[in-house]
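J.: If you scroll down you'll find the structure; I have some questions about it.
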Amino acid sequence: MKITGKSKVFGIIGWPVSHSLSPVFQNAAFEYLGLDCCYVPFPVEAGKIDAAMRAIPALNIAGLNVTVPHKESVISCLSALSEEAMMIGAVNTITVSGDRLVGHNTDGQGFIASLSEAGEPVDGRSILILGAGGASRAVVFSLAEGGASTIIIANRTVSKAESLTEQVRQRFPAVKIEATGMEHADLKRVFHNVDMIINTTSIGLKIEDPSPAPKEFLHKDLFVCDLIYNPPDTELIRYAKELCRGHMNGSGMLIHQGAASFKLWTGIEPPIQVMRQALQDALQHRSTSSR
Ligand code: ATR
């Protein structure tokens, strides 16, 4: 990759950020299209988000992704928010025009695009979401917007699921939505009412983690999504391969949210296959070098 005196600089802010694979596939896209742009990680500590944001126009940074722990706290530093970012209450993409920083959220549309690629429509579906954190908010609002008929949010801390349920109900009154806990009995009660489950919790990030849902509840009419992409096969995905009619991990969502950011920054159609291949190569490299 050639960096020139005129290269436009994009990047991702987070803490930690060194594990992020966004630089890999965003730079692959710039290189493939021959754009004089580069994408770098910016490690920004939690208390330094204001200072970092003030520096963006001064440094002529052209656009940013935002990850943990800044997705919510960055909002107070921005000039405006897209409707999506406002609804979700979090920002994963910033566009820059002069001194004006605008916050967007492409996580939900990235998830819906990856579902659609897997041949799974949202309209009229009954869906169980495990987790009620940041990732869940983006997914739940976009499912409601996409016309899901029933949404059940199960979370260890039930009050968080209840609060998210209430916010969705106010905005999308036609959706049947309920909150529950994540105990065995809670899940048993709701599992037979759904045709898709989505894990948005962090259970599965560690290779030795159990499945967030008991194996005995899985059946052949379910489509199973796990937002985790590393490891690619969580225990939940392994069960789904054995017992369910389809499954998908989080790598498609990662690519599609990044592709949507790319489009916002450049106005150019992103080369999805190039980005996906770069991500797959990087994940493959990580798994062989950690063996
Ligand atoms: P993210 O931005 O990735 O969604 P988050 O906002 O910290 O991260 O949310 C993490 C989610 O994983 C939450 O739903 C959390 O449940 P709580 O709200 O009860 O904390 C869930 N989670 C994390 N570890 C968990 C565990 N060991 N058992 C059950 N749920 C867990």
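The values are calculated or read from the model by the stated rules, or taken from the named source; none is laboratory data. Owing to the predicted nature of the structure, the values given are computational and were not obtained by experimental measurement. Positions of Cβ are generated from backbone atoms using ideal geometry, with glycine treated the same way; all protein chains shown enter the neighbour counts. Side chains are part of the model used for accessible areas, which takes the heavy atoms of the whole protein and leaves out ligands, DNA and RNA. Shrake-Rupley method; radii C 1.70, N 1.55, O 1.52, S 1.80 Å.
Condition check ((1) within 27 Å of GLY134 (Cα to Cα); (2) among the aliphatic types (A, V, I, L, M)) across all residues:
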{"site": "LYS6", "(1), (2)": "no, no"}
{"site": "LYS48", "(1), (2)": "yes, no"}
{"site": "ALA80", "(1), (2)": "yes, yes"}
{"site": "VAL96", "(1), (2)": "yes, yes"}
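J.: Would you point out the residue of the stretch 177-197, among those that are in contact with a Lys or Arg (Cβ under 9 Å, 6 or more places away or on another chain) and away from the ligand (no atom under 15 Å from the Cβ), that is nearest to HIS247 (Cα to Cα)?
T.: Across the stretch 177-197, the extreme among qualifying residues is MET196.
J.: Quick one: GLN284 ticks every box in (1) at pLDDT below 95; (2) more than 21 Å from the chain's Cα centre (by Cα) except a single one, so which number is it?
T.: For GLN284, the exception is condition (2).
J.: For the stretch 180-213, name all the residues that are open to solvent by 10 Å² or more (accessible area, probe 1.4 Å) and over 24 Å from the mean Cα position of the chain (by Cα).
T.: If the condition is that a residue be open to solvent by 10 Å² or more (accessible area, probe 1.4 Å) and over 24 Å from the mean Cα position of the chain (by Cα), then GLU183, HIS184, ALA185, ASP186, LYS188, ARG189, HIS192, ASN193 are the ones that fit.
J.: Could you check the stretch 1-16 and list, in sequence order, the residues that are of a type outside the set (Gly, Ala, Ser), surrounded by fewer than 20 Cβ atoms within 10 Å (Cβ to Cβ) and either in contact with a strand residue (DSSP E or B) (Cβ under 7 Å, 6 or more places away or on another chain) or not in a loop (DSSP other than H, G, I, E, B) (or both)? If you could, list the steps in order and put the result at the bottom.
T.: Step one: filter the stretch 1-16 for residues of a type outside the set (Gly, Ala, Ser), giving 1-4, 6, 8-10, 12-13, 15-16.
Then drop every residue that is not surrounded by fewer than 20 Cβ atoms within 10 Å (Cβ to Cβ), which leaves 1-4, 6, 8-9, 15-16.
Across the stretch 1-16, the qualifying residues are MET1, ILE3, LYS8, VAL9, TRP15, PRO16.
J.: In the stretch 102-112, which residues are of a type in the set (A, V, I, L, M, F, W, C) and either more than 11 Å from the chain's Cα centre (by Cα) or more than 29 Å from MET53 (Cβ to Cβ) (or both)? Let's see the steps before the verdict.
T.: Let us first name the residues in the stretch 102-112 that are of a type in the set (A, V, I, L, M, F, W, C), namely 102, 111-112.
If the condition is that a residue be of a type in the set (A, V, I, L, M, F, W, C) and either more than 11 Å from the chain's Cα centre (by Cα) or more than 29 Å from MET53 (Cβ to Cβ) (or both), then VAL102 is the only one that fits.
J.: GLU166 versus (1) over 22 Å from GLU83 (Cα atoms); (2) at pLDDT 95 or above; (3) open to solvent by 10 Å² or more (accessible area, probe 1.4 Å): which is the lone unmet condition?
T.: Here GLU166 clears every test but (1).
J.: Further question: From ILE255, ILE237, which residue is open to solvent by less than 20 Å² (accessible area, probe 1.4 Å), assigned to a helix (DSSP H, G or I) and touching a Lys or Arg at 6+ places or on another chain (Cβ under 9 Å)? Walk me through it before giving the result.
T.: Working: ILE237 fails: touching a Lys or Arg at 6+ places or on another chain (Cβ under 9 Å).
That would be ILE255, the only listed residue that is open to solvent by less than 20 Å² (accessible area, probe 1.4 Å), assigned to a helix (DSSP H, G or I) and touching a Lys or Arg at 6+ places or on another chain (Cβ under 9 Å).
J.: Determine whether the stretch 249-264 contains at least one residue that is at pLDDT 95 or above and more than 27 Å from GLY133 (Cα to Cα). Don't jump to the end; show me each part of the working.
T.: Of the stretch 249-264, the ones at pLDDT 95 or above are 249-264.
In the following step, the residues that additionally are more than 27 Å from GLY133 (Cα to Cα) were identified as none.
No: the stretch 249-264 contains no residue that is at pLDDT 95 or above and more than 27 Å from GLY133 (Cα to Cα).
J.: Among the residues in the stretch 189-197, are any in a helix (DSSP H, G or I) and touching a Leu at 6+ places or on another chain (Cβ under 8 Å)? Show your work before the answer.
T.: Looking only at the stretch 189-197, we keep the residues that are in a helix (DSSP H, G or I), and these are 189-191.
Of the ones still in play, those that are also touching a Leu at 6+ places or on another chain (Cβ under 8 Å) are 190-191.
Yes: one or more hits.
J.: I'm checking my understanding of the structure. Among residues of the stretch 198-213 that are out of contact with any strand residue (DSSP E or B) (no Cβ under 7 Å at 6 or more places or on another chain) and not polar (S, T, N, Q), which one is farthest from the ligand (Cβ to nearest atom)?
T.: Our first condition is that a residue be out of contact with any strand residue (DSSP E or B) (no Cβ under 7 Å at 6 or more places or on another chain); within the stretch 198-213, this holds for 202-203, 205-211.
Pick out the ones that are also not polar (S, T, N, Q) and you get 203, 205-210.
Working: ILE203: 5, LEU205: 9, LYS206: 10, ILE207: 15, GLU208: 13, ASP209: 8, PRO210: 9 Å.
My answer is ILE207.
J.: Got a number for residues in the stretch 159-186 being polar (S, T, N, Q) and closer than 24 Å to GLY124 by Cβ?
T.: Initial filter on the stretch 159-186 (polar (S, T, N, Q)): 159, 163, 165, 167, 170, 180.
With closer than 24 Å to GLY124 by Cβ added as a condition, the list becomes 165, 167, 170, 180.
Result for the stretch 159-186: 4.
J.: If you take the residues in the stretch 214-225 that are of a type outside the set (Lys, Arg) and open to solvent by 80 Å² or more (accessible area, probe 1.4 Å), which one is nearest to the ligand (Cβ to nearest atom)?
T.: Looking only at the stretch 214-225, we keep the residues that are of a type outside the set (Lys, Arg), and these are 214, 216-219, 221-225.
Restricting the remaining residues to those that are open to solvent by 80 Å² or more (accessible area, probe 1.4 Å) gives 216, 221.
On the way: GLU216: 18, ASP221: 25 Å.
That would be GLU216.
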